Structure formats: C-alpha cells, structure tokens
Amino acid sequence: MAKNATDLLNLDNDVFRAYIFWSGILVLKILAMAILTGLQRFRTGTFANPEDCLFKRDKVTYDNPYVERVRRSHLNDLENILPFFIAGLLYVLTDPSAVVAINLYRAMAAVRIIHTLVYAVVVVPQPARFLSFGAGYLITGYMAFKICIEFH
C-alpha cells in the first residue's frame with residue numbers, strides 16, 4: 001500500500017528524521033561560513049564597511065584574496081545546499097530505501113564540509129574541490145531525478 005505524505009513526513013520515519021538531522025548540520029555549516037568570513041576579515045584587517053574598521057591599519061576593500069576565497073566558498077554553499085534542502089525533503093516523499101536515503105544525506109553533508117575545507121581552509125589543488133562539488137551536485141541531481149520519476 002502506498003504511503004501518504006503524513007506517513008512519510010513523520011518523526012517515526014527514519015528517512016525524514018535523517019533529513020532533518022543532516023539538514024540541521026548543513027544549516028550550522030552555512031552559519032559557520034559567516035564566522036569564517038569574519039575571522040578572515042579580522043585576520044587580514046580588511047573590511048567591507050568603514051565603520052567595521054577598528055584600527056588605523058584596517059582598510060575597506062572588496063578584493064582581499066583570503067576573504068574572497070571564503071566568500072566564494074560560502075556562495076557555493078548557498079548555490080548547492082539550498083537546492084538540496086528542497087530536493088532532500090521532496091525525496092522523502094518518494095518513500096526511498098532508508099539505507100540509500102540516509103547515506104545520500106550523510107554524503108551530502110560530508111562533501112559540503114570537505115568542499116569548504118579544500119577551498120577555504122586548507123587550499124588543496126584540483127580536483128579536490130571539483131570532486132567534492134561534483135559529488136554533492138550529483139546527489140541533489142539524483143534526488144531531483146527520482147522525484148520527477150515518482151511524480152510525473
């Protein structure tokens with residue numbers, strides 16, 4: 001018997017619980033990027049607004065390579081994690097295998113964290129960033145494809 005949305009979007013459903021947990025981890029990851037950006041601004045003494053400058057050595061600039069690297073990583077998160085939130089939730093409604101779904105959610109969180117580490121924390125040459133980006137992209141794409149197949 002096919003399950004309805006209230007059966008699937010229920011805290012008794014392990015897939016839904018995993019989606020909630022790993023989405024929470026990814027929200028914390030996005031929030032951490034704002035802190036990382038701020039730390040880079042203070043470390044380099046470069047700020048986006050004059051009122052943020054605390055010392056005479058501080059300056060307003062929009063092109064500090066260290067700050068911009070973190071900002072680009074943050075933007076990449078927004079471009080990839082936000083679609084995952086939508087696809088991940090709708091994927092629950094396809095009543096997927098719990099093992100597959102839970103591991104997709106785990107993998108998405110892991111590759112987005114790895115992406116930040118190799119892009120903005122300890123810069124690692126390609127293809128590290130591409131592989132972590134690509135894995136997350138494929139996960140979200142797979143879930144979107146399954147949603148389209150299920151609800152065509």
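The values are calculated or read from the model by the stated rules, or taken from the named source; none is laboratory data. These figures come from a predicted structure and were not determined experimentally. As a convention, Cβ positions derive from the backbone with ideal geometry for all residues, glycine included, and neighbour counts pool all protein chains shown. All accessible areas refer to the heavy atoms of the entire protein, side chains included, with ligands and DNA or RNA removed. Shrake-Rupley method; radii C 1.70, N 1.55, O 1.52, S 1.80 Å.
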Being closer than 16 Å to ASN76 by Cβ and surrounded by fewer than 17 Cβ atoms within 10 Å (Cβ to Cβ) is the filter here, so list the residues in segment 116-134 that pass it.
LEU117, VAL121, VAL123, VAL124, GLN126, PRO127, ALA128, PHE130, LEU131, GLY134
Note on PHE84: of the conditions (1) of a type in the set (Phe, Trp, Tyr); (2) open to solvent by 30 Å² or more (accessible area, probe 1.4 Å); (3) closer than 17 Å to LEU138 by Cα, unmet is (2)
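A quick yes/no check of all residues on (1) within 13 Å of the chain's Cα centre (by Cα); (2) within 30 Å of GLY141 (Cβ to Cβ); (3) open to solvent by less than 40 Å² (accessible area, probe 1.4 Å):
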site	(1), (2), (3)
CYS53	no, no, yes
VAL60	no, no, no
SER73	yes, yes, yes
LEU90	no, yes, no
Of all residues being more than 14 Å from ILE25 (Cα to Cα) and either in contact (Cβ under 8 Å) with a residue 60 or more places away in the chain or in contact with a Pro (Cβ under 7 Å, 6 or more places away or on another chain) (or both) in segment 96-115, which is most open to solvent (accessible area, probe 1.4 Å)? Just the residue, please.
ALA98
